[in-house]
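Comments concern the structure below.
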Amino acid sequence: MEDVKITNNLEQFLRFYDKATIECASSDRRFQLWKKYYGFASVPPGDIGEQLVKEMLDYAWDKYSLVYDRIKYWEPDFLRIHELTLLVKEKLHYSAFLNIEILFFVGTFESEPFIKRNEDQSLSICFPVESDWSDFRLSQEIANAVHCLKSGLSPNYGRTLAQVIFQEGIALHTTQQVMTVDADRDTELLWGHDKCSQEPNRIMMNLIPYLSRSDYEAIYSFTKGTGASGYEREANFTGWLLVKHLLNKGYRLEELASIPQKGINKFVEQSLFSLLDHAFLIQAQE
C-alpha cells in the first residue's frame, strides 16, 4: 500500500457552521467564528488574504445549508484514490515511496484543489468536498504532487507562470492517459466554454511576456480569472497545447516531469516559441 494518508477537517467546519447558525451571526461575526474554529483556505498571506476569505465566506454562506448533509456524512473512496495514485505513479515512472496526504476540506463553492508543502517536506493535496469534483480532477492533483516530487517544483505559491503552465500541461496529459474515455470530455470542459481553441496563437503570444511573473495577481489571472487575451484558464489551455507539442516531438511524460525546477522557465519559453514557429496549433473554428 502506498503511503497516502487520507484525512479531513470537516468536523471543524461543521462546528463553526453550527455555532454561526445558532447565533444568527452577522458577516463580521461569522468571519470571527470561522477564524476561531476553522480557518482553512488557500489565499495569500496578510490582509489581502483575509479580505478574500471574508468575501468568499459571504458568497458561500447561504449555500452551505444545501450541502450540509453531504459534508456531515461524507466518506472518501479509499480504493479509487489508491488506484488513481498507482496509475499516475506508473505513468510518470515514479518508483520512490510516495509520502503524501490527501486532505478533504470545505471551501466556498469556488475553491479549487491545491497542494501545500509541509514542514517535513511531505505534500498535502487539499481537495474541497462542497462541490462535485470528478476523478479526473483528483487524478490531476495527484499528478501535480508527483511532478513536484520529481522536479522540486513548488506546489503552490512561488511558482512562475511558466512553471504553472508546464505543471498543468503535464497533469492534464497524465490524467487523460490514465483515465477512461471520459477524460476527453473532462479535458474539454476546462476551457471549451470560453472557446480558447478559436485563438490559440493570440493566447500564447499575449501570455509569453508574463512567463516570469510569480505574483498572486498574475497567476490568478491566467488560471482562474481572464488572462491577457480575455479567456479563462489560458494557462491550462496553453499547458495542454505545449505538452501535446512536446509529446509529438518525441518527449515522454516521465522525461518532462523530471526537468528540474531551475530549468523549467527557459524550457517553457523556448518550447512556446518553437510551437508558434512551427504553427503546430489547433486551428480556429469557423
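The values are calculated or read from the model by the stated rules, or taken from the named source; none is laboratory data. Computed from a prediction, not measured in an experiment: that's the story for all the values here. Cβ sites come from the backbone with ideal geometry, for glycine too, and all protein chains shown count toward neighbours. Just the protein is used for accessible areas: all its heavy atoms, side chains included, with ligands, DNA and RNA removed. Shrake-Rupley method; radii C 1.70, N 1.55, O 1.52, S 1.80 Å.
Can you tell me which condition residue 111 does not meet? The list is (1) modelled with pLDDT of 90 or more; (2) assigned to a loop (DSSP other than H, G, I, E, B), and all the others hold.
(1)
Just wondering, is there one or more residues in the range 136-146 that are farther than 28 Å from residue 67 by Cα, open to solvent by 20 Å² or more (accessible area, probe 1.4 Å) and either small (Gly, Ala, Ser) or touching a Ser or Thr at 6+ places or on another chain (Cβ under 6 Å) (or both)?
There is no residue in the range 136-146 that is farther than 28 Å from residue 67 by Cα, open to solvent by 20 Å² or more (accessible area, probe 1.4 Å) and either small (Gly, Ala, Ser) or touching a Ser or Thr at 6+ places or on another chain (Cβ under 6 Å) (or both).
Residues that are out of contact with any Leu (no Cβ under 8 Å at 6 or more places or on another chain), at least 3 per element: which helices (runs of 4 or more DSSP H) completely within the range 201-281 meet that?
Values: elements: 216-223, 234-248, 253-257, 261-277.
Ranges flagged: 216-223, 261-277.
Of all residues in the range 211-238, how many are within 14 Å of residue 160 (Cα to Cα), open to solvent by 50 Å² or more (accessible area, probe 1.4 Å) and touching a Gly at 6+ places or on another chain (Cβ under 8 Å)?
Adding up the residues that qualify gives 1.
So, residue 103, is that one outside any helix (DSSP H, G or I), touching a Ser or Thr at 6+ places or on another chain (Cβ under 8 Å) and either at negative phi or of a type outside the set (Phe, Trp, Tyr) (or both) or not? Steps first, answer last, please.
Numbers: outside any helix (DSSP H, G or I): yes; touching a Ser or Thr at 6+ places or on another chain (Cβ under 8 Å): yes; either at negative phi or of a type outside the set (Phe, Trp, Tyr) (or both): yes.
So residue 103 passes the test.
If we scan the range 72-89, do we find a residue that is farther than 23 Å from residue 172 by Cα and more than 22 Å from the chain's Cα centre (by Cα)?
yes
Filter the range 99-133 for residues that are closer than 23 Å to residue 61 by Cβ, of a type outside the set (A, V, I, L, M, F, W, C) and either open to solvent by 20 Å² or more (accessible area, probe 1.4 Å) or over 12 Å from the mean Cα position of the chain (by Cα) (or both) and give the result.
So the first thing to find is which residues in the range 99-133 are closer than 23 Å to residue 61 by Cβ, and the list is 103-114, 126-133.
Those still in the list that are of a type outside the set (A, V, I, L, M, F, W, C) too: 107-108, 110-113, 128, 130-132.
Selection gives 107, 108, 110, 111, 112, 130, 131, 132.
List every residue pair whose Cβ atoms sit under 8 Å apart, with the two residues 6 or more apart in sequence or on different chains, where the first one lies in the range 258-286 and is within 25 Å of residue 93 (Cα to Cα) and the second, anywhere, is at pLDDT below 90 and assigned to a loop (DSSP other than H, G, I, E, B).
261/154
From the list 241, 247, pick out the single residue that is touching a helix residue (DSSP H, G or I) at 6+ places or on another chain (Cβ under 9 Å), modelled with pLDDT of 95 or more and surrounded by fewer than 23 Cβ atoms within 10 Å (Cβ to Cβ). Full working, then the answer.
Details: 241 fails: modelled with pLDDT of 95 or more.
Of the residues listed, the single one that is touching a helix residue (DSSP H, G or I) at 6+ places or on another chain (Cβ under 9 Å), modelled with pLDDT of 95 or more and surrounded by fewer than 23 Cβ atoms within 10 Å (Cβ to Cβ) is 247.
Out of (1) farther than 27 Å from residue 54 by Cα; (2) part of a loop (DSSP other than H, G, I, E, B); (3) within 14 Å of the chain's Cα centre (by Cα), the odd one out for residue 145 is which?
Checking residue 145 against (1) farther than 27 Å from residue 54 by Cα; (2) part of a loop (DSSP other than H, G, I, E, B); (3) within 14 Å of the chain's Cα centre (by Cα), the one that fails is (2).
If you scan the range 1-29, which residues turn out to be out of contact with any strand residue (DSSP E or B) (no Cβ under 8 Å at 6 or more places or on another chain) and open to solvent by less than 30 Å² (accessible area, probe 1.4 Å)?
First, pick out the residues of the range 1-29 that are out of contact with any strand residue (DSSP E or B) (no Cβ under 8 Å at 6 or more places or on another chain): 1-2, 11-12, 14-29.
The answer is 14, 16, 17, 20, 25.
Filter the range 250-269 for residues that are under 11 Å from residue 170 (Cα atoms) and buried (at least 19 other Cβ atoms within 10 Å of the Cβ) and give the result.
Answer for the range 250-269, where residues must be under 11 Å from residue 170 (Cα atoms) and buried (at least 19 other Cβ atoms within 10 Å of the Cβ): 253, 256, 257.
Scan the range 31-79 for residues that are hydrophobic (A, V, I, L, M, F, W, C), part of a loop (DSSP other than H, G, I, E, B) and open to solvent by less than 50 Å² (accessible area, probe 1.4 Å) and jot them down.
Applying the first criterion (hydrophobic (A, V, I, L, M, F, W, C)) to the range 31-79 yields 31, 33-34, 40-41, 43, 48, 52-53, 56-57, 60-61, 66-67, 71, 74, 78-79.
Those left that are additionally part of a loop (DSSP other than H, G, I, E, B): 40-41, 43, 74.
Across the range 31-79, the qualifying residues are 40, 41, 43.
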